[in-house]
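Undergrad: Please see the structure below; I have some questions.
The values are calculated or read from the model by the stated rules, or taken from the named source; none is laboratory data. This structure is a prediction, so every number in the text was calculated from the model and none was measured. Here Cβ is always computed from backbone atoms with ideal geometry, including for glycine, and neighbour counts include all displayed protein chains. Calculation scope for accessible area: heavy atoms of the full protein, side chains included, ligands and nucleic acids excluded. Shrake-Rupley method; radii C 1.70, N 1.55, O 1.52, S 1.80 Å.
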Amino acid sequence: MKIVSILNSILAPAKDIPLYTTYRAISIALIIAMGVAAIAAIILVMLQPGNSQGIDALGGSSETFYGKNKGRSTEAKLKLWTYICLGVLAVLAIVFFILQYEGIWT
(Lines give C-alpha, C1' and ligand atoms only; values in the text may rest on other atoms or scores of the structure.)
Protein backbone atom coordinates (compact mmCIF):
# COMPACT_ATOMS: atom_id res chain seq x y z
CA MET A 1 0.00 0.00 0.00
CA LYS A 2 2.94 2.30 0.51
CA ILE A 3 3.78 2.01 -3.21
CA VAL A 4 0.31 3.26 -4.12
CA SER A 5 0.72 6.35 -1.93
CA ILE A 6 4.13 7.02 -3.49
CA LEU A 7 2.64 6.75 -6.99
CA ASN A 8 -0.20 9.09 -5.99
CA SER A 9 2.30 11.68 -4.79
CA ILE A 10 4.22 11.44 -8.08
CA LEU A 11 1.12 12.00 -10.19
CA ALA A 12 0.89 15.73 -9.63
CA PRO A 13 -1.82 17.30 -11.83
CA ALA A 14 -5.11 18.32 -10.26
CA LYS A 15 -7.98 15.86 -10.17
CA ASP A 16 -10.33 18.26 -11.96
CA ILE A 17 -9.04 17.41 -15.43
CA PRO A 18 -11.64 15.49 -17.51
CA LEU A 19 -9.51 12.44 -18.29
CA TYR A 20 -7.94 11.95 -14.86
CA THR A 21 -8.45 8.17 -14.70
CA THR A 22 -6.90 7.76 -18.15
CA TYR A 23 -4.03 10.01 -17.11
CA ARG A 24 -3.39 7.95 -13.97
CA ALA A 25 -3.52 4.64 -15.83
CA ILE A 26 -1.07 5.81 -18.50
CA SER A 27 1.25 7.36 -15.90
CA ILE A 28 1.34 4.24 -13.75
CA ALA A 29 1.99 2.06 -16.80
CA LEU A 30 4.84 4.34 -17.87
CA ILE A 31 6.37 4.32 -14.38
CA ILE A 32 6.28 0.52 -14.26
CA ALA A 33 7.76 0.25 -17.79
CA MET A 34 10.54 2.69 -16.85
CA GLY A 35 11.32 0.64 -13.75
CA VAL A 36 11.56 -2.57 -15.78
CA ALA A 37 13.79 -0.89 -18.39
CA ALA A 38 16.04 0.56 -15.68
CA ILE A 39 16.43 -2.77 -13.89
CA ALA A 40 17.16 -4.52 -17.20
CA ALA A 41 19.80 -1.91 -18.06
CA ILE A 42 21.44 -2.30 -14.65
CA ILE A 43 21.56 -6.08 -15.01
CA LEU A 44 22.97 -5.86 -18.55
CA VAL A 45 25.69 -3.44 -17.45
CA MET A 46 26.61 -5.70 -14.55
CA LEU A 47 26.92 -8.71 -16.91
CA GLN A 48 29.41 -6.96 -19.19
CA PRO A 49 33.09 -7.66 -18.57
CA GLY A 50 35.52 -4.82 -17.92
CA ASN A 51 37.60 -3.37 -20.72
CA SER A 52 40.91 -3.21 -18.87
CA GLN A 53 43.59 -5.80 -19.60
CA GLY A 54 44.90 -5.64 -16.05
CA ILE A 55 47.33 -8.34 -14.92
CA ASP A 56 46.44 -10.60 -17.86
CA ALA A 57 48.67 -8.55 -20.16
CA LEU A 58 51.75 -9.46 -18.07
CA GLY A 59 51.22 -13.20 -18.38
CA GLY A 60 51.31 -13.17 -22.15
CA SER A 61 48.38 -15.55 -22.42
CA SER A 62 47.41 -16.26 -25.98
CA GLU A 63 43.86 -16.75 -27.07
CA THR A 64 42.70 -18.39 -30.23
CA PHE A 65 40.89 -16.40 -32.88
CA TYR A 66 37.66 -18.26 -32.14
CA GLY A 67 37.88 -17.49 -28.43
CA LYS A 68 38.37 -13.78 -29.05
CA ASN A 69 35.48 -13.51 -31.48
CA LYS A 70 33.15 -15.57 -29.31
CA GLY A 71 33.69 -13.21 -26.42
CA ARG A 72 33.27 -10.16 -28.59
CA SER A 73 30.03 -11.36 -30.07
CA THR A 74 28.60 -11.93 -26.59
CA GLU A 75 29.91 -8.56 -25.48
CA ALA A 76 28.48 -6.92 -28.58
CA LYS A 77 25.05 -8.43 -27.91
CA LEU A 78 25.12 -7.26 -24.29
CA LYS A 79 26.18 -3.79 -25.37
CA LEU A 80 23.44 -3.65 -28.03
CA TRP A 81 20.75 -4.68 -25.54
CA THR A 82 22.09 -2.14 -23.05
CA TYR A 83 21.73 0.62 -25.65
CA ILE A 84 18.22 -0.58 -26.49
CA CYS A 85 17.14 -0.61 -22.83
CA LEU A 86 18.60 2.83 -22.19
CA GLY A 87 16.97 4.20 -25.35
CA VAL A 88 13.59 2.82 -24.30
CA LEU A 89 14.08 4.28 -20.83
CA ALA A 90 14.92 7.71 -22.26
CA VAL A 91 11.91 7.71 -24.60
CA LEU A 92 9.55 6.60 -21.82
CA ALA A 93 10.89 9.29 -19.49
CA ILE A 94 10.38 11.99 -22.12
CA VAL A 95 6.84 10.79 -22.84
CA PHE A 96 6.08 10.63 -19.11
CA PHE A 97 7.19 14.19 -18.49
CA ILE A 98 5.36 15.49 -21.56
CA LEU A 99 2.17 13.88 -20.23
CA GLN A 100 2.61 15.75 -16.95
CA TYR A 101 1.64 18.95 -18.76
CA GLU A 102 -1.98 19.65 -17.82
CA GLY A 103 -2.80 21.31 -21.12
CA ILE A 104 -2.71 17.98 -22.91
CA TRP A 105 -5.51 16.56 -20.81
CA THR A 106 -7.92 19.48 -20.91
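Undergrad: Mind giving me the nanometre distance, one decimal, between the label points for residue 86 and residue 43, set 7 Å out from Cα along Cα→Cβ?
TA: My value for the distance between the label points is 1.9 nm.
Undergrad: Sorting 46, 34 by accessible area (1.4 Å probe), largest first, what list results? Present the calculation step by step, with values, prior to reporting the outcome.
TA: Numbers: 46 150, 34 30 Å².
Listed by decreasing accessible area, they come as 46, 34.
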